[in-house]
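Colleague: My questions will all concern the structure given below.
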Amino acid sequence: MSTAAAGNPGAGLSPLLSVEDLHVHFVTSRGVVRAVEGLSYDVRAGEMVALVGESGCGKSVSALAVMRLLAKPAGRVVAGAVRFDGRDLLKLTEDQMREVRGRDIGMIFQEPMTSLNPVLPIGFQITEPLFMHQKIGAEAARARALDLLRMVGIPDAERRLEQYPHQFSGGMRQRAMIAIALACDPKLIIADEPTTALDVTIQAQILELMKELSRRLGIAMVMITHNLGVVARYADRVNVMYAARLAEQAAAEALFARPLHPYTVGLLRSVPRLDQPRGPRLETIEGLPPNLLAPPPGCRFAPRCAAKQPECEQRVPPLDEIGPGRHSACLRAAELASAGPQALGLQDAEAGAAPPAKSLDPLPVIEVRGLKTHFDVTRGLVAAHRAVVKAVDGVSFEIRRGETLGLVGESGCGKTTIGRTLLRLEEASAGEILYRGTDLTRVNGALLKDYRRRIQVIFQDPYSSLNPRMTVGEILAEPMRVHGLQPDRRAARARAGELLEQVGLYAYMAERYPHELSGGQRQRVGIARALALEPEFIVCDEPVSALDVSIQAQIINLLEALQQRLGLTYLFIAHDLAVVRHICDRVAVMYLGKVMEIADRDALYAAPQHPYTQALLDAVPIPDPRLERERSRVPLRGEIPSPLDPPQGCVFHTRCPLAEERCRREVPALREIRPLHFAACVKL
Amino acid sequence: MSAVSAAPDIVYAAPRQRHPVIAFLRHQPLGAAGLVVIVLMILAAVLAKWVAPYDPLTVDYGGILARPSWQHWLGTDNFGRDVLSRIIYGAQTALSVGFLASILGSTLGALIGVASAYFGGRIDMLVQRLMDVLLSFPIIVLALAVAAILGKNVVLGVDVNLVLAIGLPMVPKVARVVRASALAVREMPYIDAARTAGFSHARIIFRHIVPNVTAPYLIMLTAFVGQAILLEASLSFLGLGATEPTPAWGLMLSGSAIDFYQQAPWMIVFPGLAISLAVFAFNLFGDSLRDWLDPKLKI
């Protein structure tokens with residue numbers, strides 16, 4: 001299994017792809033963005049190399065530069081070479097380059113929804129590169145397409161060839177994308193965040209498939225990702241990028257065992273992990289990545305680095321070889337290698353301690369009983385074709401004061417709809433939502449307005465959750481004025497300043513417009529807006545999933561600190577099981593509109609009862625190559641059924657490894673399997 | 001593997017921070033040309049008293065149907081009135097009716113579009129079907145009907161009913177375009193945030209949706225000024241708009257001009273040119289404004 005340690009398949013040979021000192025600039029109306037500066041890396045045949053970094057660090061741009069697909073005329077390669085199979089790709093003519101793309105190098109993009117052409121059948125899209133590059137006949141192309149679809153695990157390939165992308169699920173589309181990339185037997189595949197848009201169980205299937213294909217067919221792979229767990233499991237070698245430059249380069253195991261750049265150290269520590277005990281708060285990298293229009297001189301990471309020295313801010317650190325195959329662009333890398341991160345002050349001492357016990361009010365703030373939210377979907381013109389999506393179908397839970405309840409599940413499981421129904425953004429079809437004894441599904445008018453003040457929301461996407469035409473100050477002051485919480489404009493403005501400071505921003509930012517802030521800062525403004533009404537209960541709808549790892553940790557810590565200080569109660573909706581484990585007191589796992597399991601956090605993660613919970617936890621990759629490669633994993637088969645046509649009996653039986661005849665007939669009730677540990681499965 | 005080299009020394013010219021109007025003129029030369037014509041027309045209309053060589057209403061039976069000459073640049077009509085002066089004064093009618101009708105039609109249409117999108121469901125369905133009915137009539141027929149029913153009602157020198165007749169047929173078109181934008185805005189999380197903060201419908205519509213659909217509104221508004229000028233000319237030509245002796249472009253083409261155009265083609269050529277130029281200028285400007293305000297087309 002450990003290809004990285006015991007000699008790479010192609011080690012010693014000359015590299016297949018060699019990027020040398022690549023510089024990419026974008027000339028925009030606001031200035032020149034130096035998006036990639038001096039990037040060099042090698043990929044040998046059959047090897048899987050990862051490019052890791054946060055958004056805007058230049059990882060995707062460098063891949064586009066290799067493929068010569070940079071947006072023109074703004075993007076340009078100003079220096080460097082890309083040697084592939086003995087040729088410099090940057091010197092080829094456009095016609096020659098077209099031959100290379102698709103035939104020698106395949107590419108897989110992040111968004112399987114938009115990277116397939118919606119008006120062409122899948123079969124046509126797979127055979128197209130064959131006609132282009134291999135000049136084979138229609139019969140042979142069709143046979144090859146069938147082979148490819150089977151190879152990427154698409155059942156019923158004959159029929160699937162004729163279908164269009166909208167008839168494929170997200171996971172199936174990504175499989176089809178892989179089939180297209182494989183069509184002409186490429187030597188190299190560049191995969192840009194290939195599983196970021198997919199659910200965790202589907203992600204596991206796709207990654208296993210890619211790894212298996214790459215090994216069997218001897219295809220080298222460049223994997224661009226921000227997910228360190230994925231890197232740990234699949235990559236042989238890793239290149240960490242920060243603010244357009246390489247920070248560190250190493251074999252995967254060595255990198256995870258002992259990172260030699262303070263940024264890598266921080267990155268590894270700020271991810272909440274399932275395999276380690278939960279600390280009281282996450283370690284973070286303070287601050288924000290630099291603006292590439294005006295980057296700091298010297299080391300790009302210096303402004304955020306706990307181990308920085310005066311020299312770091314003046315001299316650009318060279319990418320030095322620290323050990324065999326290990327490079328780090330840090331002036332203190334040698335010290336880091338010998339003394340470890342603690343000695344350089346890179347480890348937060350407090351983070352190791354056990355979390356303080358929470359004392360919870362026994363009275364529930366929110367009680368949900370038998371909640372159903374159904375949507376009518378009219379298919380076709382005739383009302384007889386009406387279908388009902390049971391987004392939430394009989395869910396009950398309660399949340400006590402000061403508690404955080406986590407709601408996890410894959411897309412389409414109804415977790416967001418529950419949050420929206422609680423907020424009265426959707427109307428409940430049946431059931432009750434009791435807020436301190438009053439049924440929220442029935443209140444209206446002034447009473448509803450009063451409840452709206454006490455129940456607030458934080459949204460997922462920091463880019464679209466703030467009105468672009470209002471300043472931050474207006475966004476914060478408006479709800480206070482509408483609810484009469486502040487006597488006048490001046491008091492509201494002063495309070496807005498206080499709120500900004502409370503969420504870790506500065507009062508002067510009230511003058512700014514949302515587009516002048518970074519993603520993490522906007523999310524803080526979103527939190528401040530929720531706090532403006534002094535609520536008691538906040539629905540957090542995936543509040544960190546759109547953020548970069550280092551920013552995510554900052555926001556999680558902020559949410560926890562605010563909860564302690566203000567006595568808030570949270571419903572925390574998320575798909576990231578490690579984040580949920582870190583922040584939640586109790587966790588409910590959902591699947592197709594129903595709760596599968598609900599229990600205290602520690603009980604749920606230590607001893608998951610429901611087969612779905614077990615599969616979910618099993619699918620999450622852990623950012624530690626040694627642990628990760630020892631885990632034998634059986635990815636959950638199949639995909640989530642359409643909520644328009646959910647299975648009879650237990651909704652999970654179509655994918656359940658334990659399913660038997662009884663599960664097809666009986667709808668399992670949520671039962672107390674152990675004290676305060678509920679699960680809905682007849683086999684328990 | 002080599003170490004990182006220093007960044008190549010490429011010196012880029014610093015981006016200049018230009019005033020948005022200057023930037024628009026530089027990037028949209030056709031739109032700028034349109035804008036120049038529009039500004040000239042507005043100046044002519046406002047300063048008509050001083051710019052026009054003659055009084056547009058003075059009849060001179062000694063000089064009827066005079067050819068264009070140094071005295072009368074664009075000739076005279078069958079009453080001996082100076083055609084250039086009548087065109088300059090005609091700009092007042094064209095622009096006032098054009099702008100007022102377009103502002104009225106676009107604003108009403110935008111409000112209907114936003115409300116229809118925001119409330120959705122049955123209200124949206126009913127409003128949109130009503131708009132479909134209005135759209136099924138040619139705009140000129142609708143305007144003719146309104147003008148014929150309402151008659152004339154001059155307030156402060158502007159025929160209010162003419163403005164209504166021209167503005168109302170534009171409502172459904174604007175309503176559709178603005179509704180489409182508003183539908184996208186309505187789905188944004190910041191609208192959900194406004195709802196969860198307990199804001200009233202009016203506040204959400206006017207404070208949160210309307211400012212985010214101003215781009216399509218402004219584009220429709222400018223494009224329709226040209227349309228409105230054309231419509232005003234058509235209605236005047238058909239005898240339902242301005243009436244003699246008011247100098248109006250459409251009117252100059254009709255009536256006695258039809259009897260005399262073979263002897264005195266300048267009587268119809270120049271007002272016709274004025275109408276075409278005005279409509280062309282507003283269309284050019286409207287198109288450029290659309291490109292300019294569309295962030296997807298910007299680098």
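The values are calculated or read from the model by the stated rules, or taken from the named source; none is laboratory data. Everything numeric here is computed off the predicted structure, so don't read it as measured data. Every residue, glycine as well, gets a Cβ built from its backbone with ideal geometry; the counts of neighbours run over all protein chains shown. Quick note on the areas: whole protein, heavy atoms, side chains included, nothing else; ligands and nucleic acids left out. Shrake-Rupley method; radii C 1.70, N 1.55, O 1.52, S 1.80 Å.
Colleague: Amide H to amide H, which residues 5 or more places from A:Val78 or on other chains are under 5 Å from it, using H placed in the peptide plane?
Modeller: A:His23, A:Val24, A:His25
Colleague: Using just the Cα positions, wrap region A:256-347 in a convex hull and report its mean projected area in square nanometres, one decimal place. Mind showing how you got there, number by number?
Modeller: Details: hull surface 27.5 nm².
Averaging across all directions leaves 6.9 nm² for the Cα convex hull.
Colleague: If each DSSP helix of 4+ residues adds -39,500 (n - 2.57) and the sum is divided by the residues in chain A, what number results at 222 nm, nearest 500 deg cm²/dmol? Before the final figure, lay out each step's value.
Modeller: Numbers: 22 runs with 217 residues, N = 684.
-9500 deg cm²/dmol, from helical runs alone.
Colleague: Oh, and also: As an exercise, identify the trypsin sites (Lys or Arg not before Pro) in region A:617-647 lying in DSSP coil whose Cβ has no more than 15 other Cβ atoms within 10 Å. Write down the numbers at each step before the final one.
Modeller: Working: sites: A:Arg626, A:Arg629, A:Arg631, A:Arg633, A:Arg637; in loops: A:Arg631, A:Arg633, A:Arg637.
Those that pass, being in a loop and sparsely packed, are A:Arg631, A:Arg633, A:Arg637.
Colleague: At most 14 other C-beta atoms within 10 Å and a DSSP loop state: those are the exposed GluC sites (Glu not before Pro) I care about. Give me the longest piece of chain A that has none.
Modeller: Working: sites that count: A:Glu162, A:Glu286, A:Glu427, A:Glu660, A:Glu666.
Longest site-free region, per DSSP loop and neighbour criteria: A:428-659.
Colleague: In debye, nearest 20, what is the charge dipole magnitude of the protein assembly as shown about its Cα centre with +1 on Lys and Arg Cβ and -1 on Asp and Glu Cβ, if you could check?
Modeller: Details: 103 positive and 95 negative charges, 133 e Å.
The calculated dipole for the protein assembly as shown is roughly 640 debye.
Colleague: Also, quick follow-up: Averaged over its residues, how many other protein chain Cβ atoms are within 10 Å of peptide B:194-206's Cβ atoms? Please report the intermediate quantities before stating the final value.
Modeller: Details: counts 5, 5, 17, 15, 13, 6, 2, 0, 0, 2, 0, 0, 0.
Other-chain Cβ atoms within 10 Å of each residue's Cβ, averaged: 5.
Colleague: Between A:Gln614 and A:Gln276, what is the label-point separation in nm under the 7 Å Cα-to-beta-carbon projection?
Modeller: Distance between the two pseudo-spin positions: 2.8 nm.
Colleague: Using a probe radius of 1.4 Å on protein heavy atoms only, what is the accessible area buried between chains B and A, both sides summed, to the nearest 100 Å²? All intermediate terms of the calculation are to be shown ahead of the outcome.
Modeller: Values: alone 16810 and 29060 Å², together 42710 Å².
Accessible area lost upon association: around 3200 Å².
Colleague: How many percent of DSSP beta bridges within the protein assembly as shown run antiparallel, rounded to 5?
Modeller: Counting DSSP beta bridges with both partners in the protein assembly as shown, the antiparallel share is about 65 percent.
Colleague: Ignoring trypsin sites (Lys or Arg not before Pro) that are buried or in helix or strand per DSSP, and keeping those with at most 15 other beta carbon atoms within 10 Å, what is the longest stretch of chain B between them?
Modeller: Working: sites that count: B:Arg16, B:Arg18, B:Lys152, B:Lys298.
That gives B:153-297 as the longest site-free run.
Colleague: While we're on this one: Could you pull out every residue, at least 5 positions away or on a different chain, whose amide H is within less than 5 Å of the one on A:Glu47? Hs are placed 1.01 Å off N in the peptide plane, and Pro or chain starts have none.
Modeller: Amide H to amide H, under 5 Å and 5 or more residues apart or across chains, A:Glu47 pairs with A:Ala220, A:Met221.
Colleague: Let me make sure I get this right: for region A:201-256, a, b and c are the square roots of the gyration tensor eigenvalues over alpha carbons, sorted descending. Under 1.5 in a/c it's rounded, otherwise prolate if a/b > b/c, else oblate. Which is it?
Modeller: Details: a/c = 2.06, a/b = 1.67, b/c = 1.24.
It comes out prolate by the Cα gyration axes.
Colleague: Let me ask something additional. How high is the FRET efficiency between B:Leu47 and A:Leu92 when r is their beta carbon distance and R₀ equals 56 Å, given to the nearest 0.05?
Modeller: On the way: r = 63 Å, r/R0 = 1.13.
My answer for the efficiency is 0.35.
Colleague: Right, next: Report the accessible area of A:Met151, computed with a 1.4 Å probe over the heavy atoms of all protein chains in place, in Å² rounded to the nearest 10.
Modeller: Ignoring ligands and nucleic acids, A:Met151 comes out at about 50 Å².
Colleague: Moving on. Give a quick list of trypsin sites (Lys or Arg not before Pro) in region A:216-270 that DSSP marks as loop, anything other than H, G, I, E or B, with at most 15 other Cβ atoms within 10 Å.
Modeller: Numbers: sites: A:Arg216, A:Arg233, A:Arg237, A:Arg245, A:Arg269; in loops: none.
Within region A:216-270, no trypsin sites (Lys or Arg not before Pro) qualify (loop, at most 15 other Cβ atoms within 10 Å).
Colleague: Over the Cα atoms of region A:92-243, each weighted equally, I'd like the Debye log10 I(q)/I(0) at q = 0.15 Å⁻¹, rounded to two decimals.
Modeller: Debye curve over Cα of region A:92-243, log10 I(q)/I(0) at q = 0.15 Å⁻¹: -0.77.
Colleague: What is the extension gain from B:Arg129 to B:Arg203, computed as 0.36 nm multiplied by their sequence separation minus the C-alpha to C-alpha distance, in nm to one decimal?
Modeller: Gain on extension, B:Arg129 to B:Arg203, equals 24.0 nm.
Colleague: Can you find, among A:Pro118, A:Ala333, A:Ile180, the residue sitting farthest towards the positive end of the charge dipole of chain A, where Lys and Arg contribute +1 and Asp and Glu -1 at Cβ?
Modeller: Toward the positive end, the furthest listed residue is A:Pro118.
Colleague: Please report how far the C-alpha centroid of region A:119-133 lies from that of region A:545-611, rounded to the nearest whole angstrom.
Modeller: Region A:119-133 and region A:545-611 have Cα centres separated by 43 Å.
Colleague: Give me a single rounded figure for A:467-476: the average over its residues of other chain Cβ atoms within 10 Å of their Cβ.
Modeller: Details: counts 12, 4, 7, 4, 0, 0, 0, 1, 3, 0.
Per residue, the number of nearby Cβ atoms from other chains is 3 on average.
Colleague: Then there's this: Compute the signed sum of charges (Lys and Arg +1, Asp and Glu -1) over the other residues within less than 11 Å, Cβ to Cβ, of A:Leu246.
Modeller: Details: positive: A:Lys59, A:Arg245, A:Arg300; negative: A:Asp21, A:Glu37, A:Glu248.
Residues near A:Leu246 contribute 0 overall.
Colleague: So what's the net charge close to A:Lys372: Lys and Arg +1, Asp and Glu -1, counting the other residues with Cβ under 10 Å from its Cβ? Spell out each step's value before the answer.
Modeller: Working: positive: A:Lys390; negative: A:Asp393.
Net charge around A:Lys372: 0.
Colleague: Something else about it: Just to check, using Stokes-Einstein with a Kirkwood Rh over alpha carbon pairs, what's the diffusion coefficient of region A:469-512 at 4 °C and 1.567 mPa s in µm²/s?
Modeller: Values: Rh = 10.2 Å.
Answer, rounded: 128 µm²/s.
Colleague: Hey, another quick one. Any idea which of A:His610, A:Val580, A:Pro647 is furthest toward the positive side of the dipole for chain A, if Lys and Arg beta-carbons carry +1 and Asp and Glu beta-carbons -1?
Modeller: The residue sitting most towards the positive pole is A:Pro647.
Colleague: Under the definition of partner shielding as Cβ atoms of other protein chains within 10 Å of a residue Cβ, what is the mean value for peptide B:184-190? Intermediate values should be presented prior to the final figure.
Modeller: Values: counts 0, 2, 0, 1, 8, 13, 13.
Mean inter-chain Cβ contacts per residue within 10 Å come to 5.
Colleague: Choose one of B:Ala148, B:Leu251, B:Gly167: the residue whose Cα lies farthest towards the positive end of the charge dipole of region B:146-299 (beta-carbon charges +1 Lys, Arg; -1 Asp, Glu; about the Cα centre).
Modeller: The residue sitting most towards the positive pole is B:Gly167.
Colleague: For chain B, what does -39500 (n - 2.57) per DSSP helix run (n ≥ 4), summed and divided by total residues, give at 222 nm, in deg cm²/dmol to the nearest 500?
Modeller: Details: 13 runs with 188 residues, N = 299.
Calculated at 222 nm, the ellipticity per residue is -20500 deg cm²/dmol.
Colleague: Hey, rough spin-label estimate for B:Ala33 and A:Thr114, points 7 angstrom out along Cα→Cβ, what's it come to in nanometres?
Modeller: Here the answer is 3.5 nm between the modelled labels.
Colleague: When N is the residue count of the protein assembly as shown, what does its C-alpha Rg come to as a fraction of 2.2 N^0.38 Å? Walk me through the numbers before you get to the answer.
Modeller: On the way: Rg = 33.9 Å, N = 983, 2.2 N^0.38 = 30.2 Å.
This ratio for the protein assembly as shown stands at 1.12.
Colleague: Round to a whole angstrom and tell me the spacing of the C-alpha centers of region B:128-191 and region A:409-445.
Modeller: Their Cα centres are 40 Å away from one another.
Colleague: Could you tell me the accessible area of B:Ile123 in Å² (1.4 Å probe, neighbours in place), rounded to the nearest ten?
Modeller: In the full protein context, B:Ile123 sits at about 90 Å².
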